[in-house]
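Chemist: One structure coming up, written as structure tokens, with questions to follow.
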Amino acid sequence: MTRLGLLMSNTGSGHRAAAVALDTALHHRYPGEFAVHYVDVLREFGVPPWNRAPEILTFWIKYNQYSFNKFVDLSSRVMATRIGRDALPSLASLAGHRRFARRYRWDAMVAFHVGCVGLAVGARRVSRQDTPVITVITDLGRPHAGWYHPEADLTLVPSEDAFQRGLSLGMAAERMRIVGPPVHPKFVLYRCGKDEARESMGWKRDLPTLLLVGGGLGAGDLGRLARAMDSLDVPVQIAVVTGSNEGLRRQLERSSWRNVIHVYGSIDNMEVMMRGADLLVGKGGAATVAEAAVSGLPMVLLGTLTQERPNVDLVVRAGAGIGVVDPCAARDAVRGCITQPQRLAFLSERARAFCPSDSCWRLADEVAVVCNGVGVFPGGESPCSPRR
């Protein structure tokens, strides 16, 4: 059995979701052949304040998004250099790569967070072993420079834009593969239609249904978005997912509404919700965008965070959704969609074309080939190998 270390951080839900997607796809594709171990790298090996990154991130984005965006921009520029690529992860963990190398022994490491790649490479150097390091990039459009490390054995990218970004940073084309975003297999395997999905959720079948999401942290100005959607001059049904933001969930549940509204906290059936909805409205997180695309769900997206703006641009360019700057603009965009069924159908068709539905299986196959050559493609060949 191949021992696989999945390195991530709970700074937002997308990184863990990507790791779970790979874990599940490997279980379906190669049952009993992989034993996986999840490690929250920043929590376990980071020095203060990085070991409190999930809590700090939520507070930082809520109260000073401008400085957070500046930090992301600056860190990306620094990690685009050879010195910065190794120095920043070392500063965040100090001797973490040494402790990491002593504590864990795996057959391969897979990094799902920009802060994990350099640590994994450093730990391999210290251990003087040849453990493969695989990077799975979750950002869709213009990924942070820290994702790209020339010593990683394989970097799996979600899009052509991400592939070109790697080339511009000096990555070798043969060390990258375009596989699509890491989407959980349940979004592909769920076969029910819209009416069945709505019935299972207890939603009305005869109303246009808006799904409002803010990622696992319930961010993205969800409260104002919900109010804006409720002020539409056409009747709608609104489903709001607040994730771990319990304060917002209680606030929305206590409020009075003109339209039918359903409020949810943390959920595990997003594939059902996306199948039952007519339109997704929320922030442009990579995981949300990819899941909606696989579900054929058109999107109205706010890209207020630096790492999310390229995702929104990519969706708009593909014709799979609409980018907006604030909740009022989102309301106007939503009205234009739900009052024009043909436009909504076109957006849905473009959303399905935006993301390959077999990306989860491609991801699993590439990892299996690197680990022990058990992949379904003879000789390690892959249909998603770069065309160069």
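Chemist: Taking the stated definitions as given, is Pro298 surrounded by fewer than 21 Cβ atoms within 10 Å (Cβ to Cβ), in the same structural domain as Ala197 (by TED's automatic domain parsing) and more than 15 Å from Arg198 (Cβ to Cβ)? Working first, answer last.
Modeler: Values: surrounded by fewer than 21 Cβ atoms within 10 Å (Cβ to Cβ): no; in the same structural domain as Ala197 (by TED's automatic domain parsing): yes; more than 15 Å from Arg198 (Cβ to Cβ): yes.
When the stated conditions are applied, Pro298 does not pass them.
Chemist: On to the next question. Within region 160-172, does at least one residue satisfy the condition of being touching a Gly at 6+ places or on another chain (Cβ under 8 Å) and part of a helix (DSSP H, G or I)? Please lay out each step first, then the result.
Modeler: Our first condition is that a residue be touching a Gly at 6+ places or on another chain (Cβ under 8 Å); within region 160-172, this holds for 161-162.
Then drop every residue that is not part of a helix (DSSP H, G or I), which leaves 161-162.
Yes, the conditions are met somewhere in region 160-172.
Chemist: Restricting to region 173-190, name every residue that is assigned to a loop (DSSP other than H, G, I, E, B) and out of contact with any Lys or Arg (no Cβ under 7 Å at 6 or more places or on another chain). Steps first, please.
Modeler: Keep residues of region 173-190 that are assigned to a loop (DSSP other than H, G, I, E, B), which gives 179-185, 190.
Passing the criteria: Pro181, Pro182, Val183, His184, Pro185.
Chemist: Quick check: is even one residue across region 271-284 of a type in the set (Lys, Arg) and farther than 24 Å from Leu314 by Cβ?
Modeler: The first filter runs over region 271-284 and keeps only residues of a type in the set (Lys, Arg), leaving 275, 283.
From the residues that got through so far, the ones that are farther than 24 Å from Leu314 by Cβ too are none.
Looking through region 271-284, none of the residues is of a type in the set (Lys, Arg) and farther than 24 Å from Leu314 by Cβ.
Condition check ((1) farther than 23 Å from Phe100 by Cα; (2) in the same structural domain as Val157 (by TED's automatic domain parsing); (3) in contact with a strand residue (DSSP E or B) (Cβ under 8 Å, 6 or more places away or on another chain); (4) not acidic (Asp, Glu)) across all residues:
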residue: Ser9; (1), (2), (3), (4): no, yes, yes, yes
residue: Ala19; (1), (2), (3), (4): no, yes, yes, yes
residue: Asp23; (1), (2), (3), (4): no, yes, yes, no
residue: Arg29; (1), (2), (3), (4): yes, yes, no, yes
residue: Glu33; (1), (2), (3), (4): yes, yes, yes, no
residue: Tyr38; (1), (2), (3), (4): no, yes, yes, yes
residue: Glu44; (1), (2), (3), (4): no, yes, no, no
residue: Ala53; (1), (2), (3), (4): no, yes, no, yes
residue: Phe59; (1), (2), (3), (4): yes, yes, no, yes
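Chemist: Collect the residues in region 19-50 that are in contact with a Ser or Thr (Cβ under 9 Å, 6 or more places away or on another chain), assigned to a helix (DSSP H, G or I), buried (at least 17 other Cβ atoms within 10 Å of the Cβ) and not aliphatic (A, V, I, L, M), keeping them in residue-number order.
Modeler: If the condition is that a residue be in contact with a Ser or Thr (Cβ under 9 Å, 6 or more places away or on another chain), assigned to a helix (DSSP H, G or I), buried (at least 17 other Cβ atoms within 10 Å of the Cβ) and not aliphatic (A, V, I, L, M), then Phe45, Trp50 are the ones that fit.
Chemist: Among the residues of region 100-141, which ones are crowded, with 24+ Cβ neighbours inside 10 Å, over 17 Å from the mean Cα position of the chain (by Cα) and part of a helix (DSSP H, G or I)?
Modeler: Hits for region 100-141 are Phe100, Gly118, Leu119, Ala120, Ala123.
Chemist: Follow-up. Out of region 193-250, which residues are assigned to a loop (DSSP other than H, G, I, E, B) and without any contact (Cβ under 8 Å) to a residue 24 or more places away in the chain? Spell out how you get there, then give the answer.
Modeler: First, pick out the residues of region 193-250 that are assigned to a loop (DSSP other than H, G, I, E, B): 193, 202-208, 214-221, 231-236, 242-245.
Residues satisfying the conditions are Arg205, Asp206.
Chemist: Which members of region 144-166 meet the condition of being farther than 23 Å from Phe100 by Cβ and not acidic (Asp, Glu)? So that I can check it myself, show each step before the final result.
Modeler: Of the residues in region 144-166, the ones farther than 23 Å from Phe100 by Cβ are 157-166.
Val157, Pro158, Ser159, Ala162, Phe163, Gln164, Arg165, Gly166, listed by residue number.
Chemist: Scanning region 204-237 for residues that are hydrophobic (A, V, I, L, M, F, W, C), touching a Ser or Thr at 6+ places or on another chain (Cβ under 8 Å) and crowded, with 20+ Cβ neighbours inside 10 Å, which turns out farthest from Cys337 (Cα to Cα)? Lay out the reasoning, then the answer.
Modeler: The first filter runs over region 204-237 and keeps only residues hydrophobic (A, V, I, L, M, F, W, C), leaving 207, 210-213, 217, 219, 222, 225-226, 228-229, 232, 234, 236.
With touching a Ser or Thr at 6+ places or on another chain (Cβ under 8 Å) added as a condition, the list becomes 213, 217, 219, 222, 234, 236.
Cutting the leftovers down to crowded, with 20+ Cβ neighbours inside 10 Å gives us 213, 217, 219, 222, 236.
Values: Val213: 18, Leu217: 27, Ala219: 24, Leu222: 20, Val236: 12 Å.
Only one residue fits best here, namely Leu217.
Chemist: Looking at Leu212, Leu156, Leu167 in this structure, which one is in the same structural domain as Val260 (by TED's automatic domain parsing) and of a type in the set (A, V, I, L, M)? Steps first, answer last, please.
Modeler: Details: Leu156 fails: in the same structural domain as Val260 (by TED's automatic domain parsing); Leu167 fails: in the same structural domain as Val260 (by TED's automatic domain parsing).
Being in the same structural domain as Val260 (by TED's automatic domain parsing) and of a type in the set (A, V, I, L, M) holds for just one of Leu212, Leu156, Leu167, which is Leu212.
The values are calculated or read from the model by the stated rules, or taken from the named source; none is laboratory data. Since the structure is predicted, the reported quantities are computational estimates derived from the model, not experimental observations. Cβ atoms come from the backbone with ideal geometry, glycine included; neighbour counts cover every protein chain shown.
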